Amino acid sequence: MLSWLSTRRSVRAFRADPVGREVLERVMEAATTAPSNTNRQPWRFAVVTSASGRRDIATAVRERAEEMKAIIRRGHHAEDFGNYGDFFHEPLESAAAIVVPQYREYPDLIANLLESGGANPKDFHTASAMQAELCSTSAACMTILLQAHAEGLGACWMAGPMVAKDRIGALLDIREPWRMVGAIALGWPAEEPKRQPRKGLERVVNWFEDTAGGGDTP
Ligand SMILES: Cc1cc2nc3c(=O)[nH]c(=O)nc-3n(C[C@H](O)[C@H](O)[C@H](O)COP(=O)(O)O)c2cc1C
């Protein structure tokens, strides 16, 4: 199981072959299996396969990235930015499908109940304190990446397209209360990216456990 997870890669170059509707439906079905706060399922997804739709999205992001590059070039950090701008749009250029995940917030039920009893809900840090709807939709994005991997597809979840949020929103009719959570480029892989290093457990996990002899296992 772990090897299946560790062989997933962010793929940024795709073959020209289309991805069938059946495969895409399984990938999107996977998204709906994600857990969500009070099972709100606060997500929806635009799945763009039309050539003109994909081209419009890629162009919108590329143009914004070029605009940013030109601005940064006027300062003293052009070298720091380097080719980084390409990461904003590169995977979109050859993707056979572009998924634009969206989430919406709902009234925080528990916060409202607390308020009705005279409390300041902020004192209790309810679900809204962790942006629970965004977290749920991020979990759905991860299941998309994992199902894509299971199907032999390549995928790249990208924050870059946010720079063209307004144009993409206009193209896909994304209006309040819906908010974009980046975009996911999907397609049959045309590259085998190297494994990116991961921080070791010793850097990211703090164990709080019973010391030897103090536990409740025999
Ligand atoms: C929220 C998020 C935003 C990302 N944004 C971009 C992006 O804009 N462009 C890109 O090429 N990759 C993007 N990535 C992919 C990361 O670069 C990639 O996950 C990371 O380098 C680890 O590589 P791996 O996914 O192959 O293990 C993003 C990943 C996540 C989770």
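The values are calculated or read from the model by the stated rules, or taken from the named source; none is laboratory data. This is a predicted model, so every value here is computed, not measured. FYI the Cβ positions are ideal-geometry reconstructions off the backbone, even for glycines, and counts take in every protein chain you see. Side chains are part of the model used for accessible areas, which takes the heavy atoms of the whole protein and leaves out ligands, DNA and RNA. Shrake-Rupley method; radii C 1.70, N 1.55, O 1.52, S 1.80 Å.
R73 meets all of the listed conditions (1) modelled with pLDDT under 90; (2) in contact with a Phe, Trp or Tyr (Cβ under 9 Å, 6 or more places away or on another chain); (3) buried (at least 18 other Cβ atoms within 10 Å of the Cβ) but one, namely (3).
None of P35, P101 is farther than 28 Å from A164 by Cα and outside any helix (DSSP H, G or I) except P35. Set side by side, the residues D80, D17 differ, and just one is in a loop (DSSP other than H, G, I, E, B), of a type in the set (D, E, K, R) and surrounded by fewer than 14 Cβ atoms within 10 Å (Cβ to Cβ), which is D17. Checking every residue in the stretch 158-175 against the condition of being in a loop (DSSP other than H, G, I, E, B) and in contact with a Lys or Arg (Cβ under 7 Å, 6 or more places away or on another chain) gives zero matches.
Within the option set G200, G187, G117, being open to solvent by less than 60 Å² (accessible area, probe 1.4 Å) and out of contact with any Asp or Glu (no Cβ under 9 Å at 6 or more places or on another chain) holds for one residue only, G200. Within the stretch 1-16, residues that are of a type in the set (V, I, T) reach partners that are open to solvent by less than 70 Å² (accessible area, probe 1.4 Å) with beta carbons closer than 6 Å, at six or more positions or on different chains, in the pairs V11/G154; V11/C156; V11/P189.
When you check R54 against the structure, is it of a type in the set (K, R), in contact with a strand residue (DSSP E or B) (Cβ under 9 Å, 6 or more places away or on another chain) and in a helix (DSSP H, G or I), yes or no? The answer is yes for R54.
If you check V163 against the conditions, is it of a type outside the set (D, E) and touching a Leu at 6+ places or on another chain (Cβ under 7 Å)? For V163, the condition - of a type outside the set (D, E) and touching a Leu at 6+ places or on another chain (Cβ under 7 Å) - is not met. If we scan the stretch 185-205, do we find a residue that is assigned to a helix (DSSP H, G or I), touching a residue at least 60 places away in the same chain (Cβ under 8 Å) and within 16 Å of the ligand (Cβ to nearest atom)? No, the conditions are met nowhere in the stretch 185-205. Would you be able to say whether some residue in the stretch 132-141 is in contact with a Leu (Cβ under 6 Å, 6 or more places away or on another chain) and within 12 Å of the ligand (Cβ to nearest atom)? Checked against the condition, which is being in contact with a Leu (Cβ under 6 Å, 6 or more places away or on another chain) and within 12 Å of the ligand (Cβ to nearest atom), the stretch 132-141 yields no hits at all. Do the conditions hold for R62, that is, is it touching a helix residue (DSSP H, G or I) at 6+ places or on another chain (Cβ under 6 Å), more than 12 Å from the ligand (Cβ to nearest atom) and either modelled with pLDDT of 90 or more or assigned to a strand (DSSP E or B) (or both)? Criteria met by R62.
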